[in-house]
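Participant: The structure is given below, and queries will be raised subsequently.
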Amino acid sequence: MKEVEVKASTKSYTVYIGGGLLARAGERIRAIAPKAEKAAIITDDNVDVLYAESLMASLEKAGLTAVKFVLPHGEESKNGLGYLAIVSFLAESGLSRSDALVALGGGMVGDIAAFSAATYLRGINYIQMPTSLLAMVDSSVGGKTAIDLPAGKNLAGVFCQPDAVLCDMSTLESLPENVFRQGCAEVLKYGILDDAKFFDYLSEKGLGFDREYVIARCIEIKRNYVLADEFDTGIRRKLNLGHTFGHAVEKLSGYTLSHGESVAIGTAVAARAAAKMGYCSEMCAGKIETALKAFGLPTETNIKIDEAMPIMLSDKKRAGSLVNIIVPETIGSCAIVPMGVEQMKEFFSKGL
């Protein structure tokens, strides 16, 4: 098992990466929240049938009264109605500020469950138990919590670090291959951003990479950005590589494209645009697109720039009239480039 320490300014916690963590979750949660009497599991209907029973048994073995709330799977559940249903359930179940919430599932569950924990009673203990590759390497770590609004993704949220993250590697075995591949979009992102050798390793190994090593390395890179800029006002924005256009693709697809697929398209578009605008070489952009394709990820879209612009302009990374776009320079280095409306439109048009 690997451990990554996250010592943020607001809270320090450990990310555990290994097998068998689900069965031992109760004892770890008991140690993290020693005054807790109850633990609420928030999950979705896909993950519920696979892992909720085992987690409930572990919690109850540790002396906690376990309750469970199940959301319909899919991004459509990560909205105001889903949020109100969760916090109402927590209140009806009698959870107090000393009790704990466990987010069991992928990125959607982790985001909405964390937002619920951050706001219910102005904050209760919460533990992330990600069951997808994407959630393990990205959304479970760093303290971003959110729900979607009709105008776009993650527009209502709050920063609130978890009390622990338990990445049980065995849960990846139940992932369909296409869902695992989708998580690789975020994995490749870390190499493009910060570690050329890591990118080369991924390009060489393909889907045969060492999962424990790769997940731990991604979390280490994200941890470093979080510690440098916990509240996402500076360098942490680089973690949004591929996300500005990617979120537009995701929304315009009616969420038929996953977050990972959308980020892959957004990353490829940004790389092609960067090469044509002189921010990076054609070779750099080509390596990025080749790697994405090697993992079976999409790199093209039929979406037009005029369709995407209104969504990109409602992006939470917007500051006044400018949107901070993450632009590849070389493999292992990206820049934050503030762009006005026309500049951003020209930039992304070049990548389509």
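Read the figures in this text as sums done on the coordinates, not as results from a lab. This structure is a prediction, so every number in the text was calculated from the model and none was measured. Note: ideal-geometry Cβ built from the backbone for every residue, glycine included; neighbour counts use all protein chains shown.
Participant: Please report, in Å, the Rg and the Dmax of segment 163-214, where both are computed over Cα atoms only.
Facilitator: 11.9, 35
Participant: Any idea what the alpha-carbon Rg over 2.2 N^0.38 Å comes to for segment 19-177?
Facilitator: 0.93
Participant: Over 10 Å intervals from 0, what percent of Cα-Cα pairs in segment 158-262 sits in each interval?
Facilitator: Spelled out bin by bin, segment 158-262 gives 13, 39, 40, 8 percent.
Participant: Here's a follow-up. What's the longest uninterrupted piece of the chain once you rule out the trypsin sites (Lys or Arg not before Pro) that are loop residues per DSSP with at most 12 other Cβ within 10 Å?
Facilitator: 98-303
Participant: Taking 0.36 nm per residue of sequence separation and subtracting the Cα-Cα distance, how much length would be gained by fully extending the chain between residue 96 and residue 14, in nm to one decimal?
Facilitator: Full extension of this stretch gives 27.2 nm more.
Participant: Looking at the chain only, what percent of DSSP beta bridges run antiparallel? Nearest 5 please.
Facilitator: Within the chain, antiparallel bridges account for around 45 percent of the total.
Participant: Radius of gyration and Dmax for segment 177-351's Cα atoms, expressed in Å?
Facilitator: 15.0, 44
Participant: Roughly how many Å is it from the Cα centre of segment 9-42 to that of segment 83-110, as a whole number?
Facilitator: Spelled out, the Cα-based centre of one part sits 14 Å from the other.
Participant: Same structure, new question: Taking the chain as a Gaussian network, Cα atoms linked when under 10 Å apart, which of 193, 133, 121 shows the biggest mean-square fluctuation?
Facilitator: In the Gaussian network model the winner is 121.
Participant: How much space per residue, in cubic angstrom, does the convex hull of the C-alpha atoms of the chain take up?
Facilitator: Considering the Cα atoms of the chain, their hull volume per residue is 114 Å³.
Participant: Something else now. Out of all DSSP beta bridges with both ends in segment 2-174, state the antiparallel percent to the nearest 5.
Facilitator: Counting DSSP beta bridges with both partners in segment 2-174, the antiparallel share is about 30 percent.
Participant: Further question: Sort 85-96, 325-336 by the packing proxy (mean of other Cβ within 10 Å over each peptide's residues), most packed first.
Facilitator: 325-336, 85-96
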